[in-house]
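K.L.:
Quick one: the structure is below, and I'll ask about it shortly.
The values are calculated or read from the model by the stated rules, or taken from the named source; none is laboratory data. On a predicted model such as this, the values are computed, not experimentally measured, just so you know. Here the Cβ is made from the backbone with ideal geometry for all residues, glycine too, and neighbour counts use every protein chain on show. With ligands, DNA and RNA removed, areas are computed over all heavy atoms of the protein, side chains included. Shrake-Rupley method; radii C 1.70, N 1.55, O 1.52, S 1.80 Å.
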Amino acid sequence: MIKEPLISVIVPVYNAAAFLDQCLESVVSQTYRNLEILVVDDGSTDGSAALCDHWAERDERIRVIHQPNGGHSAARNAALDAMTGYLVTMVDSDDVLHPEFVSTLLEVMSGNDADIAVCDYVPFSGDALTFLTPSARRKECCYNQREAILAVFYQNGLTHSPWARLFKASLFEGLRFPLGIIYEDLAIIYPLLKRCQRVVTIGNVLYGYRQHDSNSMRVFSPRRTAVLDVGEQLERQMQQDDPQYLDAVRSRLLSAYFNILLLSNQDEGGDHRQLQERCWKGIKRLRIACLFNRNVRLKNKLGIIASLPGRWFLCDVVGRHYQPKP
């Protein structure tokens with residue numbers, strides 16, 4: 001690896017004026033200095049565009065891209081098209097970085113000859129952010145390609161999120177986030193990992209993930225049903241192209257069925273009967289095989305057991321207290 005590579009930092013921005021200063025301050029304050037910072041104003045209407053330009057005047061490493069609103073994927077893709085770094089990382093505009101985020105992940109990536117390096121994160125709200133991890137190095141864990149794919153889909157040690165990690169930029173050659181959906185990161189993670197030889201994680205908490213109403217995982221929205229479409233498409237793809245990952249993808253799809261069923265059941269403002277029937281059929285189709293799969297996570301197995309008395313028990317008894325993690 002290049003000794004001090006240029007690292008592209010991608011910050012998609014849409015109506016984030018309340019948080020953008022804190023985010024960009026954490027980016028420009030990185031102890032690793034050889035950065036190009038691509039801030040993409042995705043048609044903001046709240047003053048974020050002017051803030052982006054102001055930050056570009058303050059720091060010559062910042063380059064601002066203004067474009068009509070196209071969503072998170074379109075913003076990230078615009079930056080991927082424009083970046084020139086050897087490595088790339090992505091930061092949501094309401095989140096913050098530990099000052100040693102880049103330097104630590106670069107060191108871990110270089111030391112393990114990895115294609116992706118991942119750190120731990122801490123959820124926070126308001127300005128109440130405390131990075132709990134000191135500079136002392138936490139445990140590292142290396143995955144080969146197969147192990148990484150299984151870890152993502154079994155939800156065991158790796159997530160599909162694009163933040164809190166450092167990528168080799170070459171992984172994105174000819175590969176972009178799908179437009180017009182949420183869970184675009186779940187849709188892109190498989191082809192991304194298929195290009196990897198090694199992924200390394202480190203237990204240091206170096207990324208702050210802001211929780212608020214616009215990114216809460218605890219509120220049902222019809223847009224969130226995209227996770228079912230993505231999961232079912234992945235299942236069809238694995239059946240045809242890569243059956244060694246089929247059981248893992250079905251475990252992730254089962255999680256999606258449980259999540260959408262229980263969240264939609266808590267939403268009293270809409271008629272979700274068709275959606276809930278889709279989820280229930282999916283649960284019944286997958287639950288027995290997943291119950292006897294030793295790699296399926298405990299949370300899924302508890303959900304399977306709760307589903308056995310019937311849908312009413314799962315939704316009305318268990319689901320009454322259901323709160324997914326962010």
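K.L.:
Name the single residue that is surrounded by the fewest Cβ atoms within 10 Å (Cβ to Cβ) among those in segment 1-17 being of a type outside the set (D, E, K, R) and over 19 Å from the mean Cα position of the chain (by Cα). Walk me through it before giving the result.
P.N.:
Let us first name the residues in segment 1-17 that are of a type outside the set (D, E, K, R), namely 1-2, 5-17.
Imposing the further condition that a residue be over 19 Å from the mean Cα position of the chain (by Cα) reduces the set to 1-2, 5-7, 15, 17.
Values: Met1: 13, Ile2: 9, Pro5: 17, Leu6: 16, Ile7: 25, Asn15: 19, Ala17: 17.
If we take residues in segment 1-17 being of a type outside the set (D, E, K, R) and over 19 Å from the mean Cα position of the chain (by Cα), then Ile2 is surrounded by the fewest Cβ atoms within 10 Å (Cβ to Cβ).
K.L.:
Do you know which residues across segment 89-101 are under 22 Å from Arg137 (Cα atoms), assigned to a strand (DSSP E or B) and of a type outside the set (Ser, Thr, Tyr)?
P.N.:
Passing the criteria: Val96, Leu97.
K.L.:
Which residue, of Leu24, Leu20, Leu35, is over 17 Å from Tyr207 (Cα atoms) and either out of contact with any Gly (no Cβ under 7 Å at 6 or more places or on another chain) or surrounded by fewer than 18 Cβ atoms within 10 Å (Cβ to Cβ) (or both)?
P.N.:
Leu35
K.L.:
State whether the residues of segment 274-284 include one that is at pLDDT 90 or above, of a type in the set (Phe, Trp, Tyr) and either over 26 Å from Ala148 (Cα atoms) or assigned to a helix (DSSP H, G or I) (or both). Walk me through how you get there before you give the answer.
P.N.:
If we filter segment 274-284 for residues that are at pLDDT 90 or above, which is where we start, we get 274-284.
So of that shortlist, the ones also of a type in the set (Phe, Trp, Tyr) come out as 280.
Within this subset, residues satisfying the condition of being either over 26 Å from Ala148 (Cα atoms) or assigned to a helix (DSSP H, G or I) (or both) are 280.
Yes, the conditions are met somewhere in segment 274-284.
K.L.:
Can you go through Asp115, Asp53, Asp81 and tell me which one is modelled with pLDDT of 95 or more and in contact with a helix residue (DSSP H, G or I) (Cβ under 9 Å, 6 or more places away or on another chain)?
P.N.:
Values: Asp53 fails: in contact with a helix residue (DSSP H, G or I) (Cβ under 9 Å, 6 or more places away or on another chain); Asp81 fails: in contact with a helix residue (DSSP H, G or I) (Cβ under 9 Å, 6 or more places away or on another chain).
Going through Asp115, Asp53, Asp81 in turn, the sole match is Asp115.
K.L.:
A further question follows. Any residue that is surrounded by fewer than 20 Cβ atoms within 10 Å (Cβ to Cβ), assigned to a loop (DSSP other than H, G, I, E, B) and without any contact (Cβ under 8 Å) to a residue 40 or more places away in the chain - is there at least one of those in segment 102-125?
P.N.:
no
K.L.:
Of all residues in segment 306-326 being at pLDDT 70 or above and open to solvent by 70 Å² or more (accessible area, probe 1.4 Å), which is farthest from the chain's Cα centre (by Cα)? Can you show your working first?
P.N.:
Looking only at segment 306-326, we keep the residues that are at pLDDT 70 or above, and these are 306-318.
Pick out the ones that are also open to solvent by 70 Å² or more (accessible area, probe 1.4 Å) and you get 308-309, 312, 316.
On the way: Leu308: 31, Pro309: 34, Trp312: 32, Asp316: 30 Å.
For segment 306-326, the residue satisfying everything is Pro309.
K.L.:
Here's a follow-up. Is there any pair with a first residue in segment 160-189 that is on the phi > 0 side of the Ramachandran plot and a second that is part of a helix (DSSP H, G or I) and surrounded by 18 or more Cβ atoms within 10 Å (Cβ to Cβ) whose Cβ atoms are under 8 Å apart and which are 6 or more apart or on different chains, and what are they?
P.N.:
Hits for this filter: Gly180/Ser73; Tyr183/Ala226; Tyr183/Val227; Tyr183/Val230.
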